[in-house]
Structures are given as C-alpha cells and as structure tokens.
Amino acid sequence: MPGPPPALQRSVSARSFSVTYDYRCPFARNAHEHVVAGLRAGADWEVDFLPFSLGQAHVEEGEPAVWDDPTKASHLLAVEASIVVRERYPNAFLDAHVGLFAARHDEGRDLREEAVVRDVLAAVGVDADDVMAAVADGGPRQVLRKAHEAAVAEHHIFGVPTFVVSDRAVFVRLMTRPNGDGAQSRATVERVLDLVIGHPELNEFKHTTIDR
C-alpha cells in the first residue's frame, strides 16, 4: 500500500497544517469536527489528517508495541480503516472521518467491533468489504506505524489532537463543537494556527474552570 495519505489539495496559497487523530479521544473529535466544518465552509487549507495511536502512546516499558500485539489489533481497526478510505475513497473521507468520531462519542458504539466500522463506512457509500480486505493485508497498519513513529521522532507528539504547522507542534484541547456554524469553526481553527505560529512563547494556557 502507498505511504501516508496525501493532504487535501487546495490552492498554492493554502494554509498548510497537519492534525493528529485517534477516534478514542473526545477532544480529537471536537478539533476534527471544527477542521472539517471549516473546510466545508470554504477554508483554503491544505490539511494532512495524521493518524496516531493512543494505545501505542501509553504502552508500558517492556511491553510489545501495539503493532506487534495481536490482542490489540481491534484497537487499531478504525484508524486503519480511515487510512484505506483516505487512499481509495478520498471523496468520502471527511464523511467517514466525522462518522467514526460520531459512532464512538455520540452513539457510544465500540469501534473495536468490525460491524460498527462497517456500518459507518456503508453509511457514507464506501465498500466496507474492500476496506476490510485492505486492513487484513496489513498495509494500513504499516502506514499508521510509520506516521505515529515519525510524529514522535520529529515533533515529540504524545497525543491527539496535535496541530503541526511548519516545524511547530502543539497539543490543543477545544471545548466546543461546530453546531452547524462553519464560519465559527473556520475562525476557531485559524485562531489555533495563529497561536501555533505567531506565539511560540505561549507554552501553556489553561482555564482553571470550564464553562458548561
């Protein structure tokens, strides 16, 4: 299977960035929904949706890597399936991406179950049999492994969602969701990108209380 999935293509003046994801994280859900909503609202971005494994990030010293542990294969299934969709069905990727997050966090379904992932893929018009056959071949796992290991080695990434702009990587927690406001999502992501590039002195900024 080819290397990591290419970024969504935009014009030569597009703002380029990467953002990590693992469908297990609700904050990744928030950030990626904003990115997708911003793109759909016309944002001129070139986005690399960067697969990452939270399971691997939390492997204890001396334990096998998740890629080499057959008991953890189901934990990687949804991300591996997304890699295949991005490569083979790029026009359906954003729908599948949002759908997988929704299945986990809105519907409370278990993405370790193949039937659940298949349901999401079928709902967005993707051939689930084709995707699962590609996953079984092992290529997507190697793509995931290479992307994860490169993220750790090059940018010291430890979690999701991490935004990477040029040579800067910042872990970000957004507390809101788009709620149908693509313009607000676009502004939210632009604000994050401006902080990443324009304010490297701001290492940590965290509210002591959360508005509900």
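Coordinate-derived values only; no laboratory data. Bear in mind that the values here come from a model prediction, so they are computed numbers and not experimental data. We place every Cβ from the backbone using ideal geometry, glycine too, and count neighbours over all the protein chains shown.
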Checklist entry - For labels at GLU190 and ALA73 in the simple 7 Å Cα→Cβ model, what's the distance in nm? => result 4.7
Checklist entry - What order, most packed first, do the peptides 198-208, 154-164, 169-179, 106-116 have when packing is the mean number of other Cβ atoms within 10 Å of each residue? => result 154-164, 169-179, 106-116, 198-208
Item to check | Unit charges on C-beta of K, R, D, E only; dipole of the chain, Debye | outcome: 540
Item to check | All-pairs alpha carbon distance profile, segment 15-198, 10 Å steps from 0, percent | outcome: 10, 38, 38, 14, 1
Next on the checklist: I'm checking a number: the convex hull volume of the Cα atoms of segment 53-151, normalised per residue, in Å³. What is it?
Outcome noted: 101
Checklist outcome for this item: the chain: antiparallel bridges as % of DSSP beta bridges, rounded to 5, reads 45
Checklist outcome for this item: Pseudo-spin-label distance ASN179 to GLU113, built 7 Å along Cα→Cβ, given in nm, is 3.1
Checklist entry - In which sequence would VAL126, VAL165, VAL84 go, from the one with the fewest C-beta neighbours within 10 Å to the one with the most? => result VAL165, VAL126, VAL84
Checklist entry - What are the GluC sites (Glu not before Pro) within segment 29-92 that DSSP puts in a loop, where the Cβ has at most 13 other Cβ atoms within 10 Å? => result GLU60, GLU61
Item to check | Magnitude of the charge dipole, segment 22-137, Cβ model with Lys/Arg +1 and Asp/Glu -1, debye to 20 | outcome: 360
Item to check | Relative packing of peptides 47-54, 133-140 - highest average C-beta neighbours within 10 Å first | outcome: 47-54, 133-140
Item to check | Label-point separation, ASP106 to ASN203 (7 Å along Cα→Cβ), nm | outcome: 3.9
